[in-house]
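Scroll down for the structure; my scribbles are underneath it.
The values are calculated or read from the model by the stated rules, or taken from the named source; none is laboratory data. Because the structure is predicted, anything quoted here is derived from the model rather than measured. Every residue, glycine as well, gets a Cβ built from its backbone with ideal geometry; the counts of neighbours run over all protein chains shown.
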Amino acid sequence: MITRLHHIGLVVENLDAAVKNYEKLFDFKAYDFRNDQGKGFQLDARIMMPNGCWLHLVQNWNPESRVNKFLQQHGEGLEHIALETDNIEADVAYLREIGVPLFEDKIFNAADGFEAFVYPEDAIGFTVELIQPHTTSYGWEAEKCNNPNLLGLQHIGVAVKDVYKAARRFEKLFGLKADGLRTDQHYGTQKDMMIEPGNDRLWLHLVESTDPENRVTQFMAKHGEGLEHLCFEFDDIRKAVRRVQEAGVPLYQHKIYLDRADGFEAFVYPEYNHGVTVELIEPYPTSRGYRPPETRGLLKAAGAAR
């Protein structure tokens with residue numbers, strides 16, 4: 001059974017440059033640098049999120065690796081999500097039973113845990129890793145969440161052709177049901193749904209858009225279905241935006257959006273952040289996922305209890 005979102009895999013051309021950029025723009029500090037993974041062809045590091053998961057930044061130069069092939073085909077960007085399971089053997093047996101192929105058709109006994117991978121074309125446009133940690137695996141560490149203004153990774157934007165079809169497919173594969181359907185966003189040109197993997201106030205945001213000017217539609221035209229953006233929730237969006245601007249990086253359409261149902265929003269272009277669009281958000285009290293001030297100090301403690 002899936003218990004939570006474990007990590008998000010980001011492919012970069014230069015790990016050192018990416019790490020410096022995330023700290024410069026968002027005050028996210030990276031930890032746990034390794035140079036002994038991927039048969040010696042990989043450098044990686046982690047950026048911890050307060051709600052029990054992390055960003056896994058990976059530089060890989062092995063032309064035979066899954067990660068490097070993604071880089072060559074798509075450039076830098078969001079390559080996969082990892083879902084933690086408490087029984088990977090059962091999950092893999094189920095996937096085989098329903099005819100879903102796995103990467104190299106096996107469970108890997110890796111440094112980070114027992115791992116299996118579902119191809120993008122068999123999921124909903126992006127690679128999904130199933131992971132069951134073992135005794136030597138990295139765990140989530142609250143003390144490595146260094147930005148006090150960051151409340152968590154709020155959601156991961158997923159661009160899809162058909163939100164209903166994508167929701168049904170994801171539920172069939174991983175047992176995670178979508179809900180929260182909206183059909184009235186962006187003047188009726190967008191449908192979206194939420195899939196909650198088990199972390200505190202974190203979801204996959206499935207988005208189907210018919211507006212040719214919409215950022216998601218433009219992503220689809222260039223890349224097809226897939227992981228389109230990361231959304232970080234801040235206690236004070238003005239402070240977060242000020243840091244981005246002081247670094248000399250423009251916001252999408254040069255503004256903070258004030259009229260969105262989900263809260264105050266601002267976006268950083270992917271060309272300024274190693275292929276990843278970043279949304280900064282401060283929800284309204286009426287927004288879904290709103291975190292009341294009195295609960296915010298409990299977030300790290302809740303994650304540490306995992």
Selection status of Met194, under 23 Å from Phe70 (Cβ atoms) and surrounded by fewer than 22 Cβ atoms within 10 Å (Cβ to Cβ): no
Criterion: of a type outside the set (Phe, Trp, Tyr), assigned by TED's automatic domain parsing to the domain that holds Ala111 and in contact (Cβ under 8 Å) with a residue 40 or more places away in the chain - qualifying residue of Asn14, Asn62, Asn35: Asn14
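Kindly indicate which of Leu181, Leu251 is over 18 Å from the mean Cα position of the chain (by Cα), in contact (Cβ under 8 Å) with a residue 12 or more places away in the chain and exposed (fewer than 14 other Cβ atoms within 10 Å of the Cβ).
The match here is Leu181.
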Matching residues, the stretch 53-86, being touching a helix residue (DSSP H, G or I) at 6+ places or on another chain (Cβ under 7 Å) and aliphatic (A, V, I, L, M): Leu57, Val58, Leu83
Subset of the stretch 81-123 (residues that are part of a helix (DSSP H, G or I), hydrophobic (A, V, I, L, M, F, W, C) and touching a strand residue (DSSP E or B) at 6+ places or on another chain (Cβ under 7 Å)): Ile88, Val92, Leu95, Phe103
Test: Leu227 is out of contact with any Lys or Arg (no Cβ under 9 Å at 6 or more places or on another chain), hydrophobic (A, V, I, L, M, F, W, C) and either outside any strand (DSSP E or B) or in contact (Cβ under 8 Å) with a residue 40 or more places away in the chain (or both): yes
Members of the stretch 86-138 found to be in contact with a Ser or Thr (Cβ under 8 Å, 6 or more places away or on another chain) and not hydrophobic (A, V, I, L, M, F, W, C), listed by number: Asp86, Asp91, Asp112, Gly113, Tyr119, Pro120, Gln132
Residue among Glu196, Glu271, Glu282 that is without any contact (Cβ under 8 Å) to a residue 24 or more places away in the chain and under 13 Å from His155 (Cα atoms): Glu196
Single residue of Gln42, Gln37 found to be more than 24 Å from His229 (Cβ to Cβ), buried (at least 16 other Cβ atoms within 10 Å of the Cβ), over 20 Å from the mean Cα position of the chain (by Cα) and not hydrophobic (A, V, I, L, M, F, W, C): Gln42
Subset of the stretch 257-287 that is hydrophobic (A, V, I, L, M, F, W, C) and at pLDDT 95 or above - its residue that is surrounded by the most Cβ atoms within 10 Å (Cβ to Cβ): Leu280
